[in-house]
Amino acid sequence: MIRFLTAGESHGKSLTTIVDGFPSNLKISEGYVNQQLKRRQFGYGRGLRMKIETDKAEILSGVRFGKTLGSPISMLIKNSDWENWKTLMSVGPLNQKVQKISIPRPGHADLVGVSKYNFNDIRNSIERSSARETAARVAAGSIARKLLEEFGVSIGSYVESIGGIYQDNNFSEKLFSNTISSNFSAQSISDKADKSSVRLLDPLQEEKIIRKIKSAKKNGDTLGGTFITVATGVPVGLGSFMNYDTKLDAEIAHSIMSINAVKAVEIGEGFLLAEKLGSKSHDEITLKKDFIGRKTNRAGGIEGGISTGLPIIVRAAMKPIATLMSPIESVDLSTMKKVDARRERSDFVAVPACAVIAESMLAWSIAKFFLQKFGGDSLEELKDNYSSYNKKLFGRIKHNFKS
Ligand code: EPS
């Protein structure tokens, strides 16, 4: 069973994560983790904070001579901006008064946070609910991603739309119609999207989306969007239909929905399936030479909570950033009067970053179920278990049903 915890406030000294349950002998380096952290920071529409932070993870434990030991892996990511917040974020008691925040931003965790935790300063809610925390998740997710790479499982993502402007592209359709080549690797999606400042597959189409972001920014407004995350090379049989918490689709939905500002998650064609006839929804089972396959992949690689072996396709929607420079209505909790919501430094759009975070969360969920199925204390043992299952899979079906 793998697990991770993150800790850290947005403007505190650092973020940390402890990742536990990975087998020994997996090669991992700070360079690999940092490459993923860098991808998360990228994207047109991010605020000034990203100009002062260059996220770097320091591995503090669990790795020796470049390989995991099987012990908990702890990582530290320093917040460069902390230097400017030392007083405001002091761990010890302060002898001076600090300005308290009393105006909640609609859509942020400000009001629910102070209500629930009995705070007298919204700063206490802002700090932990900030999406800054996702840097630590990406560090944790990169260990999962590295493990999956050993088994040919690859993860990628791209942005489909920002502010209702869609990229004109039929790639999503290709995924659902299962017309991409069988040796297609999701990494190739990210290789393309990483080159675009808004994570489009076709950078030539960036302009209309960037225009939309510029116009929102000029009006002091923000935008959300949709993105797709894909995993290829996932073996048949991860997850189960035995219980609500063993279903792979439920696990993935939880993971992706837990990312800040995500409001919807679809597996496969998702909502569209609710409008279609059954005959146009399900993936017909085919026999090609000796191989049982599916004509289409509208189920997004999961049936009955179990991976089918086809690409896992997850679409998610991120709401617009809650901090607006042209604020909407709120209430000052110190005066109980109607006021404009508080303005502060923020991003205008973070959909590209959100897609990269979703890659990490998807990698985590798949690695969790992968390790549950194949187990083993060392990478070598895990590989033995995996290859013995995989080699015999179709042979077993044929043998069991031989009349
Ligand atoms: C965030 C607000 C901004 C973002 C931050 C998330 O930070 P600040 O208030 O310091 O300008 O930049 O995201 C990150 C710092 C990050 O690393 O992704 C928020 O309110 O959620």
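The values are calculated or read from the model by the stated rules, or taken from the named source; none is laboratory data. This is a predicted model, so every value here is computed, not measured. Heads up, the Cβs are rebuilt from the backbone with ideal geometry, glycines too, and the neighbour counts pull from every protein chain shown. Remember, those area values only see protein heavy atoms, side chains included, never the ligands or the DNA or RNA. Shrake-Rupley method; radii C 1.70, N 1.55, O 1.52, S 1.80 Å.
Annotations
- Percentage relative contact order, the chain, counting C-alpha pairs under 8 Å, at least six apart: 22 percent
- Residue 263 accessible area, assembled protein chains, probe 1.4 Å, Å²: 140 Å²
- Once backbone amide H atoms are built at 1.01 Å from N, residue 14 has 9, 79 as its partners under 5 Å, excluding neighbours fewer than 5 places away on the same chain.
- Point-charge dipole on Cβ atoms (K/R +1, D/E -1) for the chain, about Cα centre, debye to 20: 280 debye
- Local net charge near residue 384, Cβ-Cβ under 12 Å (Lys/Arg +1, Asp/Glu -1): -1
- A cut-off under 14 angstrom between Cβ atoms defines the neighbours of residue 360, and their net charge, with Lys, Arg +1 and Asp, Glu -1, is +3.
- Surrounding net charge for residue 215, when Lys and Arg each add one and Asp and Glu each subtract one, Cβ distance under 15 Å: +3
- Taking each DSSP H run with n ≥ 4 as -39500 (n - 2.57) and averaging over every residue of the chain yields -10000 deg cm²/dmol at 222 nm.
- Of the residues 161, 172, 242, the one whose Cα sits farthest toward the positive end of the charge dipole of the range 151-254, with +1 on the Cβ of Lys and Arg and -1 on the Cβ of Asp and Glu, is 161.
- J(HN,Hα) series, the range 365-381, from Karplus relation 6.51 cos²θ - 1.76 cosθ + 1.60, nearest Hz, glycine and proline x: 4, 5, 4, 4, 6, 5, 5, 5, 6, 9, x, x, 8, 10, 4, 5, 5
- Measuring against 26 Å, Cα to Cα, the residue pairs 195/280; 116/214; 295/402 contain 195/280; 116/214 as the ones spanning a longer distance.
- Once the Cα-Cα distance is subtracted from the 0.36 nm per residue extended length, the residue 329 to residue 169 segment shows a gain of 53.8 nm.
- Accessible surface ranking for 150, 284, 1.4 angstrom probe, highest first: 284, 150.
- Ordering of 174-183, 392-401 by burial proxy (mean other Cβ atoms within 10 Å per residue, highest first): 174-183, 392-401
- Each peptide in 61-70, 227-236, 9-18 was scored by the mean count of other Cβ atoms within 10 Å over its residues; highest first, the order is 227-236, 9-18, 61-70.
- Cα gyration tensor category, rounded, prolate or oblate, for the range 32-96 with a/c compared to 1.5: oblate
- Helix 248-257 axis, angle to the chain major axis (alpha carbon atoms, nearest 10°): 20 degrees
- Put a plus charge on the Cβ of each Lys and Arg, a minus charge on the Cβ of each Asp and Glu, and nothing anywhere else: the dipole of the range 135-214 about its Cα centre is then about 300 debye.
- When peptides 353-363, 379-389 are sorted by average Cβ neighbour count within 10 Å, with the highest value leading, the order is 353-363, 379-389.
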